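Each remark here refers to the structure printed beneath this line.
The values are calculated or read from the model by the stated rules, or taken from the named source; none is laboratory data. These numbers were taken from a predicted model, which means no experiment stands behind them. Neighbour counts run over all protein chains shown; Cβ positions are idealised from the backbone, glycine included. Quick note on the areas: whole protein, heavy atoms, side chains included, nothing else; ligands and nucleic acids left out. Shrake-Rupley method; radii C 1.70, N 1.55, O 1.52, S 1.80 Å.
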Amino acid sequence: MEKNNALQEGLHRGLEERHIQLIALGGAIGVGLFLGAGAAIKAAGPSLILVYFLAGIIMFYIMRALGEVTVAYPVSGTFSAHSNIFLGPLAGYITGWTYWFMWVVTCMAEITAVGVYFSFWVPEVPQWIPALCALVLMASVNLVSVRAFGEFEFWFALIKVVTILAMIVAGSAMIAFGVANHGVAIGISNLWSNGGFFPHGIEGMIMASTMVMFSYLGIELIGVTAGEAKNPEKSLPAAIDKVFWRILIFYVGSLTIIMSLYPWNQIGTMGSPFVLTFNKLGVRAAAGIINFVVLTAALSSCNSGLFSTGRMLYNLSLQGKAPTMFSKLNDRHVPVKGILVSSGFLLIGVVLNYMVPAQVFVYVTSVATFGALWIWGIILLIQLKYRESLSPEQIAQIKYPMPFSPISNWISLAFLAFVAIAMFFNPDTRVALYIAPIWFGLIAASYYAAGMHKGNGDKKSLQQ
């Protein structure tokens, strides 16, 4: 039986607009950019810039679809709670648990990476020790209050943003004025002088599209913050509108600088382009600085993951699709048990990562890869169904409408389907297409095995 209070939450609205802005921005800027995005550059060459731009437009529409419904009904379990209403209880169940699992396995990899990054400075310390310390730290932050999470995420994101901006400014000075190059302007000829702007043609862009889309994983986190934003009607639209342009600047801008400074076919063979750029400026500690940045980026991902998984379990519990213990809040309005259980799974992941073959871990994380496409597709479908539930007069009064809907929805859905097909031609992502049906089959079977399909709350009123 589903509960009628699936949208009646008791979470504390402690996230300010500056928190939301940086959470949205930081969620979409991952470790991969700092480590060179070498595989994507190798696949597409300079045309990778165009792929990021096109993917950025699709992500903008997905975020606007999320924003339209979330501004109207700001709850922490957005994708699950809204799909429960507009797409049915089974869709809400699958979406909620898929998002939880996606973040758990993503954070398993990130928390393990913390140990690797830490060993850069102290190689004699076993990697599991800093990984465990990082997990305890991030769990503690999330258990304190939502504001503590917001503050940590704000500063983690700010570190990434400042580093990228510094690289863009320094790289632009080298390109335009020959700074650190004996006054000889480097220019941008590297963008077309090594096989052209499309060295591998359309095929290279298609192969890179899967890697590009998954670099945006985490941008939807802003929806999970909706239930705890102080002024969601103002802060969510502001964050969504601004994050699109900022991401284009950071991704498109930084990659344009990188591939102008260095021939694209050499990037990845010389180390991180960020390290190379700062080294060229005479910053001797460049490697240590970038290692610190990727360390904070991994911690940021873990911080966000614990926040997301705790809230998703909380909302699933309110819907009657997870144990009732997850709906209990402490006196600071934090879903403690959801965070602790998610932390426990992360701890298991750290142990397993050292015990099982690396390939097994790749198979598990591939489900998270496909999970991102599922979540984004669900967001687009929710907005379509939401519009269908409104009268023409109500549609005209939508506070934050998605542009060009429903055409933009179908274009975005077609793009996501295209990326899913492209995954089949990439050996590193093909396994996701084999494992994802197994995951969705198991989670759907558990829904029916638990008798949840017999509930009478298939379509809850959003006004309850």
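So here's what we get for this one:
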{"item": "Accessible area of segment 13-450 belonging to carbon and sulfur atoms, whole % at 1.4 Å probe", "result": "71"}
{"item": "Backbone HN-Hα couplings from phi across segment 290-299 [Karplus 6.51/-1.76/1.60, Hz, Gly and Pro as x]", "result": "5, 5, 5, 5, 5, 5, 5, 5, 5, 5"}
{"item": "FRET efficiency estimate (nearest 0.05) - Cβ-Cβ, Ala176 to Ile438, R0 51 angstrom", "result": "0.45"}
{"item": "Lysine pairs with alpha-carbon atoms under 21 Å apart, segment 13-450, spacing 8 or more or separate chains", "result": "10"}
{"item": "Cα gyration tensor category, rounded, prolate or oblate, for the chain with a/c compared to 1.5", "result": "prolate"}
{"item": "Theoretical FRET efficiency, 1/(1+(r/R0)^6), r = Cβ-Cβ of Met355 and Ser140, R0 22 Å, to 0.05", "result": "0.25"}
{"item": "Approximate spin-label separation Glu393-Val161, in nm, with each point projected 7 Å along Cα-to-Cβ", "result": "4.2"}
{"item": "In segment 247-329, the trypsin sites (Lys or Arg not before Pro) that fall in loop regions by DSSP, at most 15 other Cβ within 10 Å", "result": "Arg284, Lys328"}
{"item": "Packing rank of 298-308, 43-53, where each peptide gets the mean count of other beta carbons within 10 Å, highest leading", "result": "298-308, 43-53"}
{"item": "Ile57-Asn330 pseudo-label distance in nm [points 7 Å out on the Cα-to-Cβ vector]", "result": "4.7"}
{"item": "Charge dipole magnitude, Cβ of K and R +1, D and E -1 - the chain, Cα centre, debye nearest 20", "result": "300"}
{"item": "Top positive-direction residue, dipole computed over the chain with Cβ charges, set His12, Ala113, Phe278", "result": "His12"}
{"item": "Anchor Lys454: aspartates and glutamates whose Cα lies under 16 Å away (excluding residues fewer than 8 positions away in-chain)", "result": "Glu2"}
{"item": "Vicinal HN-Hα couplings computed from phi for segment 304-312 (Karplus, 6.51 cos²θ - 1.76 cosθ + 1.60; Hz; Gly/Pro x)", "result": "5, x, 5, 4, 5, 5, x, 6, 5"}
{"item": "Value of relative contact order over the chain, rounded to a whole percent, pairs C-alpha under 8 Å and six or more apart", "result": "36"}
{"item": "Residue-normalised accessible area of the chain, expressed per residue, 1.4 Å probe, Å²", "result": "39"}
{"item": "Listed peptides 185-191, 291-297 by packing density, highest first (mean Cβ within 10 Å)", "result": "291-297, 185-191"}
{"item": "Residue-wise HN-Hα coupling along segment 392-397, computed from phi with Karplus coefficients 6.51, -1.76, 1.60 (Hz; x: Gly, Pro)", "result": "x, 5, 5, 4, 5, 9"}
